[in-house]
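Here's the structure, in structure tokens; my notes come after.
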Amino acid sequence: MKGERTGPPPWWHSAVIYQIYPRSFADSESGSGKGVGDLEGIRRHLDHLVWLGVDAIWLSPFYRSPMADFGYDVSDHCDVDPLFGSLADFDRLLADAHARGLRVIVDWVANHTSDRHPWFLDARSSATSAHRRWYVWRDPAPGGGPPNNWRAAFGKDVPAWTFDEGSAQYYLHLFLAEQPDVNWTERAVVEAMHGVVSFWLDRGVDGFRADAVHAIGKDPALPDDPPERAGLPRSSTNDDPSTHGLLREVRRLLDRYPGDRVIVGEVYLLDTAKVATYYGDGDELHLAFNFPPLYTPWEVDAWRQRLDEVERHIVPVGWPTWVLSNHDNPRPRTRYGSEARARAAAVLLLGLRGTPFLYAGDELGLEDALVEPAQAHDPGGRDGCRAPLPWTAGPDHGWHADPWLPWPPDPQRRNVETLRADPSSILHLYRRLLTARRASPALVGGTMEVLAPAPGVLAWSRAEGADTRVVAVNFTGAEASVDVGGGHWIVEVSSDGLEEGRAWSGRLGPDVAVVLCPT
Ligand code: GLC
């Protein structure tokens with residue numbers, strides 16, 4: 001690989017990255033009073049994240065936005081929306097995070113802007129405006145109607161094109177009509193987007209999570225999707241070769257900065273072999289989200305296959321990532337159906353080889369909120385996992401105004417205050433896992449070998465020099481006798497909290513996962 005380096009691996013190899021959805025994390029008394037979280041709210045809770053043991057935070061967008069897609073429709077990439085605070089608040093948050101040893105990465109929404117962005121307002125103003133070519137405009141199809149059959153994300157069978165009466169042309173949007181796609185074949189767009197990246201790098205961020213970044217390059221012919229893909233959102237299939245050159249340029253820009261700035265791309269192609277291509281020759285994305293595991297049911301054979309795909313496709317080209325949760329999908333506790341499984345999933349996630357991403361609230365074992373149609377906000381139906389984090393047991397749960405979405409179930413018990421006071425809680429399980437991980441070179445960066453210990457159980461060994469661990473996950477609801485090979489082991493972390501520090505009995509309880517350490 002061209003990007004191969006000598007010396008110690010970069011920080012993001014060994015980091016656990018914690019995603020914060022600013023609207024739902026925490027508000028401050030100086031905030032908007034609208035029940036929406038803010039940057040100062042995040043800053044006030046940094047000590048909690050240090051206590052938990054994560055290494056970095058990723059902030060979903062806090063930029064100026066009309067909020068059609070809750071911040072993923074950006075109208076000014078280089079300013080903070082007043083709902084979340086100010087640039088001064090951001091600087092304070094960044095400085096305080098760094099002072100605590102926490103890295104900060106921010107979202108970079110590169111595929112589209114808001115339809116209220118000054119670029120698009122100008123583009124739309126006339127077919128000859130200065131910014132017209134910054135977006136993707138086409139005449140109607142010969143018989144009338146959209147230029148091709150591409151479908152937008154969200155909603156059923158929504159065209160990815162909206163007609164602009166004023167100029168009698170359609171503009172392309174892979175997401176909402178309020179999120180027109182920018183035209184990356186236009187050099188001025190490339191430069192403007194690089195300007196955004198530099199703006200935040202100069203401010204001191206440690207890197208970016210690049211939104212829908214596989215979609216920025218488009219087939220210039222804009223051909224119809226073939227019948228087998230017609231009807232699927234184009235944002236989940238767009239995979240044009242031109243994107244790779246664009247990513248190499250962004251990568252070169254990042255690499256000019258000191259301090260291992262990272263770019264992790266949201267490559268929303270549900271095919272690990274395709275995701276792998278976005279690492280390039282070690283010269284594109286440092287990390288790419290690989291979503292097939294997130295969509296895999298809690299089932300041992302399916303999971304073994306996911307691990308195998310990562311081994312086969314990602315490992316030869318780059319460092320893997322593991323994601324079980326984010327602001328776009330039902331939480332693990334909701335998907336897998338029980339806290340026991342959510343706990344086992346935490347062991348799985350933090351025991352695999354690669355950089356794990358945690359979504360704020362999973363450490364509390366939160367379930368998605370039940371959002372009645374009258375309370376719904378998101379056109380994509382993703383409100384449930386975006387419910388506010390309950391910090392305290394009291395009726396306001398640590399918030400200064402009624403939050404914008406209903407609480408997740410059971411907030412008087414499932415809140416930071418109550419779970420921190422209970423050593424048997426899932427929150428403490430996460431903390432023990434993060435502590436164990438940090439202390440073990442094998443868990444952080446070691447090799448990984450999948451074992452076949454028992455039906456319904458997935459296990460693997462990790463090794464780095466003399467340091468070794470075994471992770472075993474029981475996907476079944478029955479106790480299993482597990483053979484992890486020779487040696488004597490003690491239970492370092494167990495998802496049910498039982499037997500920790502004791503000799504490993506070789507039996508794994510129903511829905512239980514363990515980290516084993518040699519005696
Ligand atoms: C990404 C984000 C999602 C957003 C979309 C459009 O998939 O994760 O929340 O709606 O991009 O920006």
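Is it the case, given these coordinates, that Arg229 is in the same structural domain as Arg187 (by TED's automatic domain parsing), surrounded by 19 or more Cβ atoms within 10 Å (Cβ to Cβ) and either within 16 Å of the ligand (Cβ to nearest atom) or closer than 27 Å to Asn329 by Cα (or both)? In short, no.
Scanning the range 64-109 for residues that are free of Cβ contacts under 8 Å to residues at least 24 places away in the same chain and within 20 Å of the chain's Cα centre (by Cα) turns up just one, Met67. Scoring Ser198 on the criteria (1) part of a helix (DSSP H, G or I); (2) within 16 Å of the ligand (Cβ to nearest atom) leaves a single failure, condition (2). All of (1) in contact with a strand residue (DSSP E or B) (Cβ under 7 Å, 6 or more places away or on another chain); (2) more than 16 Å from the ligand (Cβ to nearest atom) hold for Asp96 with one exception: (1).
To keep it simple, each residue is scored yes or no on (1) outside any loop (DSSP other than H, G, I, E, B); (2) within 15 Å of the ligand (Cβ to nearest atom); (3) touching a strand residue (DSSP E or B) at 6+ places or on another chain (Cβ under 7 Å); (4) at positive phi.
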{"site": "Ala141", "(1), (2), (3), (4)": "no, no, no, no"}
{"site": "Phe154", "(1), (2), (3), (4)": "no, yes, no, yes"}
{"site": "Asp157", "(1), (2), (3), (4)": "no, no, yes, yes"}
{"site": "Ser167", "(1), (2), (3), (4)": "no, no, no, no"}
{"site": "Glu178", "(1), (2), (3), (4)": "no, yes, no, no"}
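Looking across Leu458, Leu451, Leu516, Leu498, one residue alone is under 17 Å from Ala436 (Cα atoms) and either under 29 Å from the mean Cα position of the chain (by Cα) or assigned to a strand (DSSP E or B) (or both). It is Leu516.
Of the residues screened, Ser235 is not one that is away from the ligand (no atom under 16 Å from the Cβ), in a helix (DSSP H, G or I), in contact with a Phe, Trp or Tyr (Cβ under 9 Å, 6 or more places away or on another chain) and of a type in the set (S, T, N, Q).
When the criteria are applied in full, Asp115 meets the requirement of being of a type in the set (D, E, K, R) and part of a loop (DSSP other than H, G, I, E, B). For the range 274-328, a residue qualifies if it is surrounded by 22 or more Cβ atoms within 10 Å (Cβ to Cβ) and among the hydroxyl-bearing types (Ser, Thr, Tyr), and the qualifying residues are Tyr278, Tyr279, Thr321, Ser325.
Given the residues Asp107, Asp79, Asp91, which is the only one that is outside any loop (DSSP other than H, G, I, E, B), within 16 Å of the ligand (Cβ to nearest atom) and under 17 Å from Ser198 (Cα atoms)?
Asp107
Of the strands (runs of 3 or more DSSP E) lying entirely inside the range 261-362, not one carries at least 1 residues that are of a type outside the set (Ser, Thr, Tyr) and at positive phi.
The values are calculated or read from the model by the stated rules, or taken from the named source; none is laboratory data. This is a predicted model, so every value here is computed, not measured. Please note: Cβ atoms are built from the backbone with ideal geometry, for glycine as well, and neighbour counts cover all protein chains shown.
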